[in-house]
Amino acid sequence: MDDQMIFRPSTSRDALAMHSLARDSQVLSVNSTYYYALMARHFQATCMVAESEGRVCGYVIGYCPPDQPDTLFVWQVGVAKPCQGKGLGKKLLIALIKARNPDFLEATIAPDNQPSINLFRSVARHFNVGCIFSETSYFSQEDLGTDEKAEHLMKIGPF
Ligand SMILES: CC(C)(COP(=O)(O)OP(=O)(O)OC[C@H]1O[C@@H](n2cnc3c(N)ncnc32)[C@H](O)[C@@H]1OP(=O)(O)O)[C@@H](O)C(=O)NCCC(=O)NCCS
């Protein structure tokens, strides 16, 4: 991977790049550019981008749920296709965990999204902490609509 890659908190100026990466992934839910700008600014402390030569190559968007201030909930991780499989997604999550220092990290994942499951398990191994992927849904199809897949909770920690 590019040695010049820098990891930094997001700003609203990253919204268009985040939106493009989500769209190009063909996997992630694509939200409005306004949404990405809002997340990047209001949740700057729990969002991070990877940048090389001025181009955003990956991002992670997270927040601490109001009733779980010790938990970093990761909503989206996206890595540009040419950069995938080179450790960037893992480095982004590790950088964010080290910057924010949560007790736990959570995310929801569709059970057939093996790249994402492997990514979070790999992060848990890096920190040598537990990793539980629930067998029951956190958000069901009844919640999300029949076009969407059920999402199950992944919980990592305590760090
Ligand atoms: C999922 C995603 C963020 C992973 O980022 P990445 O930089 O490609 O992943 P990394 O190279 O850091 O790999 C981390 C771990 O995941 C595994 N992994 C990555 N891509 C994989 C794939 N396509 N299939 C199986 N395992 C995969 C790696 O083997 C590695 O595990 P290891 O440390 O045990 O070898 C990236 O592929 C992506 O943006 N996908 C589309 C969007 C998405 O699905 N986001 C996640 C849902 S929020």
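Each reported figure results from applying straightforward, stated rules to the coordinates on display, with no laboratory input. Source: prediction; values computed, not measured. Don't worry about glycine lacking a Cβ; one is built from the backbone with ideal geometry, like all the others, and counts go over all protein chains shown.
Cross-link partners of Lys86 among lysines, defined as those whose alpha carbon lies under 26 angstrom from its own and excluding same-chain residues fewer than eight positions apart: Lys98, Lys155.
Site pair Thr33 and Phe104 shows an inter-label distance of 3.8 nm when each label is modelled 7 Å from Cα along Cα→Cβ. Using just its DSSP H runs of length 4 or more, each adding -39500 (n - 2.57), the chain gives a mean residue ellipticity at 222 nm of -9500 deg cm²/dmol after division by all residues.
Net length available on complete extension from Ala45 to Gln26 is 4.2 nm, with 0.36 nm assigned per residue and the Cα-Cα distance removed. Considering only Ile132, Ile97, Ile61, the Gaussian network model of the chain with Cα springs below 10 Å gives its largest mean-square fluctuation to Ile132. Taking the Cα centre of each part, how many Å lie between the range 34-69 and the range 71-106? Cα centroid to Cα centroid, the span is 10 Å.
List the residues of the range 27-66 whose backbone N lies under 17 Å from a point placed 7 Å from the Cα of Leu153 along the Cα-to-Cβ direction. 63-66, by backbone N distance to the label point. If you look at the Cα atoms of the range 6-157, you get an Rg and a Dmax of 14.6, 43 Å.
Extension gain for Thr136 to Leu16 (0.36 nm times residue separation, less C-alpha to C-alpha distance): 39.7 nm.
Here the dipole of the chain is about 620 debye; that uses its Cα centre as origin and unit charges on the Cβ of Lys and Arg (positive) and Asp and Glu (negative).
Taking every C-alpha pair closer than 8 Å and separated by at least 6 residues, the mean separation divided by the residue count of the chain gives a relative contact order of 18 percent. For the range 46-139, the antiparallel share of DSSP beta bridges with both residues in that region comes to about 75%.
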